[in-house]
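The values are calculated or read from the model by the stated rules, or taken from the named source; none is laboratory data. Just so you know, these numbers come straight off a predicted model, no measurement behind them. Don't worry about glycine lacking a Cβ; one is built from the backbone with ideal geometry, like all the others, and counts go over all protein chains shown. To get the accessible areas, we keep the full protein, side chains included, count just its heavy atoms, and leave off ligands, DNA and RNA. Shrake-Rupley method; radii C 1.70, N 1.55, O 1.52, S 1.80 Å.
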Amino acid sequence: MVEIGNTLVSFQLFETHFLCPLHKCKGQCCVEGDAGAPVTLDEIAEIEEALPEVERYLSEEAKEVIKRQGVAYRDPDGDLVTSLVGKADCVFTCYDENGICGCALEKAFREGRTSFMKPISCHLYPVRLNHYKDFTAVNLHRWDICNCAVEYGKEKGMPAYKFLKEPLIRCFGEDWYKELEQAAKDYEATFSTL
């Protein structure tokens with residue numbers, strides 16, 4: 001791991017290639033799993049504020065779930081997560097004409113309808129953050145449905161930290177990301193000579 005500010009970043013972000021091939025995986029990370037996406041109380045407030053603009057992209061089932069239980073709930077571990085439709089799709093899942101799953105929150109944001117993109121946990125995926133008293137661990141999560149993203153990343157020469165530039169900057173800032181880039185160069189220089 002490398003220390004940057006009050007974070008400890010796993011070398012896996014440098015070693016692992018990653019690039020989402022949505023034409024292959026169809027965005028299954030928004031559908032698979034046993035809980036919704038992790039969210040904070042602040043994000044829930046932002047989602048609720050954006051909801052009038054986002055609803056146009058939601059299924060009737062998703063709207064009903066939100067009406068009944070809200071945009072988020074506490075999972076069995078006590079974590080706040082986005083609500084689900086039928087114990088599968090995140091309520092903010094929407095599909096394009098090719099059956100590729102996308103995020104209604106992000107769609108509304110990209111169209112300039114809202115100021116909230118989507119939960120940072122979604123934007124950062126496959127990175128997962130673990131918050132401790134004195135630092136935050138920045139780790140790469142492994143999930144079988146993303147094997148095609150690892151393979152596609154290798155094919156295109158895209159390390160995970162470069163694929164995740166936008167969300168990492170959103171989460172930690174430009175200066176932090178510049179330090180990460182330098183750490184990646186140092187790591188590569190060290191290990192390419194062994």
Checking Lys133, Lys162, Lys87 against a Gaussian network model of the chain (alpha-carbon springs below 10 Å), the top fluctuating residue turns out to be Lys133
What helix-only [θ] at 222 nm does the chain give? Using -39500 (n - 2.57) per DSSP H run of at least 4, over all residues, to the nearest 500, the answer is -12000 deg cm²/dmol
Residue-ordered couplings for segment 94-105, obtained by feeding phi - 60° into the Karplus form 6.51 cos²θ - 1.76 cosθ + 1.60 and rounding to whole Hz (Gly and Pro as x), are 9, 10, 8, 5, 9, x, 8, 6, x, 10, 5, 4
Carbon plus sulfur, as percent of the 1.4 Å-probe accessible area of segment 25-125, comes to 48
Label model pair Lys24, Glu48: point-to-point distance (7 angstrom along the Cα→beta-carbon line) in nm is 4.1
Expressed in angstrom and ordered largest first, the alpha-carbon extents of the chain along the principal axes are 57, 39, 34
Phi angles of segment 43-59, converted by Karplus (6.51 cos²θ - 1.76 cosθ + 1.60, θ = phi - 60°) into ³J(HN,Hα) in whole Hz with x for Gly and Pro, give 5, 4, 4, 5, 4, 4, 5, 7, 3, x, 7, 8, 3, 4, 9, 8, 6
Checking Glu111, Glu43, Glu53 against a Gaussian network model of the chain (alpha-carbon springs below 10 Å), the top fluctuating residue turns out to be Glu111
Residues meeting the amide H criterion for Ala72 (H placed from the backbone, H to H distance under 5 Å, 5 or more places apart or on another chain) are Ser83
Between Arg110 and Glu151, the FRET efficiency computed from the C-beta separation at R0 = 22 Å comes out, to the nearest 0.05, as 0.25
Of Ser83, Ser121, Ser59, the most mobile residue in a GNM of the chain (C-alpha springs, cutoff 10 Å) is Ser59
Probe 1.4 Å, heavy atoms of protein chains only: per residue, the accessible area of segment 123-194 in Å² is 63
Projected area averaged over all directions for the convex hull of the alpha carbon atoms of segment 76-141, nm², comes out at 6.5
Rounded to one decimal in nm, the spacing of the 7 Å Cα→Cβ label points at His131 and Arg68 is 3.0
Counting only residues 5 or more apart in sequence or on a different chain, those whose built amide H sits under 5 Å from that of Cys94 are Gly102, Cys103, Ala104
Karplus ³J(HN,Hα) for segment 132-139 (6.51 cos²θ - 1.76 cosθ + 1.60, θ = phi - 60°; Hz, whole; x = Gly/Pro) runs 10, 4, 10, 7, 10, 8, 10, 10
At the level of C-alpha centres, the distance separating segment 56-121 and segment 161-194, in angstrom, is 30
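Quick one: net charge around Gly173, please, counting Lys, Arg +1 and Asp, Glu -1 for every other residue with C-beta under 14 Å from its C-beta.
My count for the surroundings of Gly173 gives -2.
Subtracting the Cα-Cα distance from 0.36 nm times the residue separation, let me have the gained length for Lys87 to Glu15 in nm, one decimal.
Gain on extension, Lys87 to Glu15, equals 22.6 nm.
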